[in-house]
Amino acid sequence: MFGSIGLGYSLSLASASGPDFPTLKEILPQPGLFVGTPVAVNSIILIRLIATAFIIIFMCICASRAKVIPGRMQNAIEMLVDFIRHSIVYEFLGEERGKSYTNLIITLFVSIFLFNFCENIPGMNVAATTTIAMPLIFAIWSLINYWAAGIRSKGLWKFLKDELFPAGVPWPIYILLAPINLLEIIIIRPFSLTVRLFINMVAGYLLVGLCFAATQYFLVECSNWGFKALGVVTLAGGLIMTVFEILVDALQAFIFAVLTAAYIMLSLPEQDEVSGGDPEKATATGLVIEDAKQVMNSPAGQSTHAEVA
Amino acid sequence: MHTVIAEDLGAQLFFPKDYDLIWSTVVLIVLLIVFAKYVMPKFNQVLDERTKQIQGQIEEATKARRAAESAKKEYEDRLAQAQAEATKIRNDARSEASQIIEDARTQAQLEAAAITDNAQKAIDAQKQQAMISLKKDVGTLATTLAGKILGTKLEDSAVQSSMIDSLIDGLEKDQSNLSHTDQTFTE
């Protein structure tokens, strides 16, 4: 993040009175290229473009070199692809219906994970998903897909009826339930996807930045040995937080992919109507839905950095 | 840092810039297209090919195993058949050998019996002959002797022959006693 680093150094030169803690300014960078046009580029967008180019080049090279007998790199990518395919897509949607959504979920997972991972790369230091636009666009794409899945398989009215008026509820409840459900499928789902990812990345940036800014101040700028000892502690904290952030990056990508798959599954007709009902499978899917809901509602799912945010 | 500015910035976080939205959309569309049109089909193709190859290899192995099993079975069958045949041949040979021995023994016994029989017959015949010639000679001799003893010639042939006959009868009695003794001796 060249902007923030530049800003940070200038500030620290101007006044060494305290640690140069990260602020929200660095994640609201001003455009530096094509200023004033609709295609203006700021530092985070630049990071995003570089990450995109990296993903495309890397995946295309791997794909073009893919052989029947895989090498080490191909094995790793295939393991990832297989994991997403079987543990997320087929688990929720079944093999038959899941096939057409595999590309979507894998693209979402890989993109989000590598965008998130930019926060751990020296020189970038901020995730490509740290402006709300990117998570929002991912969430809108998820919304388009679960609406399309519902409309394509049931038709618009049947889809809306199933979503707004779930069976087995006494009719007066519908007065309350229908608007809530409508709000959920139009706003709450994409908004929760967006905010969960975005705030986790903001919090990650602030946490790691906090640790290393403190380390810089206490360990390098202060001459007091007590402060230097404190600097060692904050350095260790920064390293631990970096490792933790790598976990969060993967976890958030996983949650986003799982929830998108779950939303698509909820839009599709019941598994029983389609495949004649495999009770064991139905139970397994039911359990997974429960899991997904727990993930959605758990503190880790909502915000890994609740305490900071 | 002023609180008002911080609040301002915090609110700004949640309002995406138009250019940011445009770039995000572009990035997502490009990623989706690249994944859907190139990366995933390529990986799927390789994976499918691998699955096919593995399946083919498994089928081939199954086929080879079946062939080996049938060959083994055939071999075992043949072995069992050969063993049975060998046993049969051995048994046949053994029984044939004992048959041959039995035959030879019977043959030998028959031959021995025949030889003994012939010898007996020859002996009997010679004895008979000897007896006849003896009868003749003894008769003449006895007559001659008797005549010499009696001093007279037995002119009358009737007397002569009756005398000879009674003599021979007596001799024959002796003879039969003798031959009986002979037989006991032979046995």
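Please treat every number below as a calculation from the coordinates, not as lab data. Every value quoted in this text rests on a predicted model; they were computed, and no experiment measured them. Note: ideal-geometry Cβ built from the backbone for every residue, glycine included; neighbour counts use all protein chains shown.
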So what J values fall out for region A:104-112 if you push phi through Karplus, 6.51 cos²θ - 1.76 cosθ + 1.60 with θ = phi - 60°, rounded to Hz, Gly and Pro as x? 4, 5, 5, 4, 4, 4, 4, 5, 4
May I ask you to evaluate 6.51 cos²θ - 1.76 cosθ + 1.60, the Karplus curve with θ = phi - 60°, for each residue of region A:215-226 and list the ³J(HN,Hα) values in order in whole Hz, giving x for glycine and proline? 4, 4, 6, 6, 7, 9, 7, 7, 9, 5, 5, x
Express the C-alpha Rg of chain B as a ratio against the empirical globular expectation 2.2 N^0.38 Å, rounded to two decimals. 4.07
By the Cα gyration tensor axes a ≥ b ≥ c (a/c under 1.5 gives rounded; else a/b larger than b/c gives prolate, otherwise oblate), the shape of region A:129-174 is oblate
If you plug each phi of region B:55-62 into the Karplus form 6.51 cos²θ - 1.76 cosθ + 1.60 with θ = phi - 60°, what whole-Hz ³J(HN,Hα) values come out, in order, with x for Gly and Pro? 4, x, 5, 5, 4, 4, 4, 4
What are the extents of the Cα atoms of region A:208-256 along their three principal axes, in Å, largest first? 46, 12, 8
If amide hydrogens are placed 1.01 Å from N in the peptide plane, which non-local residues have theirs closer than 5 Å to the one on residue A:33? A:41
Using a 10 Å cut-off on Cβ to Cβ distances, tally the other chain neighbours for every residue of B:37-50 and report the average as a whole number. 6
Would you mind working out the magnitude of the charge dipole of region B:3-120 relative to its Cα centre, with +1 at each Lys and Arg C-beta and -1 at each Asp and Glu C-beta, to the nearest 20 Debye? 340
Of the listed pairs B:52/B:72; A:154/B:17; A:67/B:63, those with alpha carbons more than 32 Å apart are A:154/B:17
